[in-house]
Amino acid sequence: MTDPDEVQILIVEDNPEDLELILMALGRANCCRGIAVARDGVEALDFLFGGETVPPRPYPRMPRLILMDIKMPKVGGLELIARVKGDPRVCNIPLVALTSSAQKNDILESYRMGINSYVVKPVEFERFVEFLGRLSLYWLQLNVVPIEGGGH
């Protein structure tokens, strides 16, 4: 992770192989300055709101995008969506499910909870690199979010 003041993307992924692929693809796409990693929903919540050993993050230092898996231990993706979208300090940070789950129920429930986008990971690595480059371009450079309540 880079300087915590420069985090643009928070990746929430419990699978080490998937995390490595995401980090490699983002690196190849050269699309953002700072990436933070949470290995489950609890670490993500600690990153955003503080925890036993982590102080709360000040508002201007929140990530500009959260890429998250849906199927995670401890605090699952749906609960993470609910907690983020239910908190006025961070509710405007775009949440993008980047998952291998194409289950209709996961998709419907994620949107019902307020996810901004639901994407099933492309299998082929070069497509994945291209996809993450486009995704980051949209959410980090083109998308405009309000200043109050999260975002940048």
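The values are calculated or read from the model by the stated rules, or taken from the named source; none is laboratory data. Just so we're clear, the structure is a prediction, and the values are computed from it rather than from any experiment. Reconstructed Cβ throughout: ideal geometry from the backbone, glycine too, with neighbour counts over all protein chains shown.
Observations, loosely collected:
- Contact map, the range 78-91: residues that are over 10 Å from GLY41 (Cα atoms) paired with residues that are assigned to a helix (DSSP H, G or I), Cβ distance under 6 Å, separation 6+ or inter-chain. Pairs shown: ALA82/MET113; VAL90/LEU48; VAL90/VAL84; CYS91/LYS85.
- Residue within the range 87-100 that is part of a helix (DSSP H, G or I), touching a Phe, Trp or Tyr at 6+ places or on another chain (Cβ under 9 Å) and crowded, with 17+ Cβ neighbours inside 10 Å present: no
Yes or no, residue by residue, for (1) surrounded by fewer than 16 Cβ atoms within 10 Å (Cβ to Cβ); (2) hydroxyl-bearing (Ser, Thr, Tyr); (3) in a helix (DSSP H, G or I):
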{"site": "LEU10", "(1), (2), (3)": "no, no, no"}
{"site": "LEU21", "(1), (2), (3)": "no, no, yes"}
{"site": "ALA25", "(1), (2), (3)": "no, no, yes"}
{"site": "ARG28", "(1), (2), (3)": "yes, no, yes"}
{"site": "CYS31", "(1), (2), (3)": "no, no, no"}
{"site": "ALA36", "(1), (2), (3)": "no, no, no"}
{"site": "GLU43", "(1), (2), (3)": "no, no, yes"}
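- Of all residues in the range 25-52, those that are among the hydrophobic types (A, V, I, L, M, F, W, C), closer than 22 Å to LYS71 by Cα and out of contact with any Phe, Trp or Tyr (no Cβ under 8 Å at 6 or more places or on another chain) total 9.
- Scanning the range 56-70 for residues that are closer than 20 Å to LEU19 by Cβ and either free of Cβ contacts under 8 Å to residues at least 40 places away in the same chain or in a strand (DSSP E or B) (or both) yields LEU65, ILE66, LEU67, MET68.
- Residue count for the range 106-126, restricted to those that are without any contact (Cβ under 8 Å) to a residue 12 or more places away in the chain and of a type outside the set (D, E, K, R): 5
- Residue selected from the range 21-54 under the condition more than 21 Å from MET72 (Cα to Cα) and of a type in the set (D, E, K, R), by the criterion modelled with the highest pLDDT: ARG28
Residue by residue, here is whether (1) at pLDDT below 90; (2) closer than 24 Å to GLY133 by Cα; (3) among the charged types (D, E, K, R) holds:
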residue: ASP5; (1), (2), (3): yes, yes, yes
residue: VAL12; (1), (2), (3): no, yes, no
residue: LEU19; (1), (2), (3): no, yes, no
residue: PRO56; (1), (2), (3): yes, no, no
residue: GLY77; (1), (2), (3): no, yes, no
residue: VAL90; (1), (2), (3): no, yes, no
residue: LEU95; (1), (2), (3): no, yes, no
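Matching residues to (1) modelled with pLDDT of 95 or more; (2) of a type in the set (Asp, Glu); (3) buried (at least 19 other Cβ atoms within 10 Å of the Cβ):
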position: GLN103; (1), (2), (3): no, no, no
position: VAL119; (1), (2), (3): no, no, no
position: GLU126; (1), (2), (3): no, yes, no
position: PHE131; (1), (2), (3): no, no, no
position: LEU135; (1), (2), (3): no, no, yes
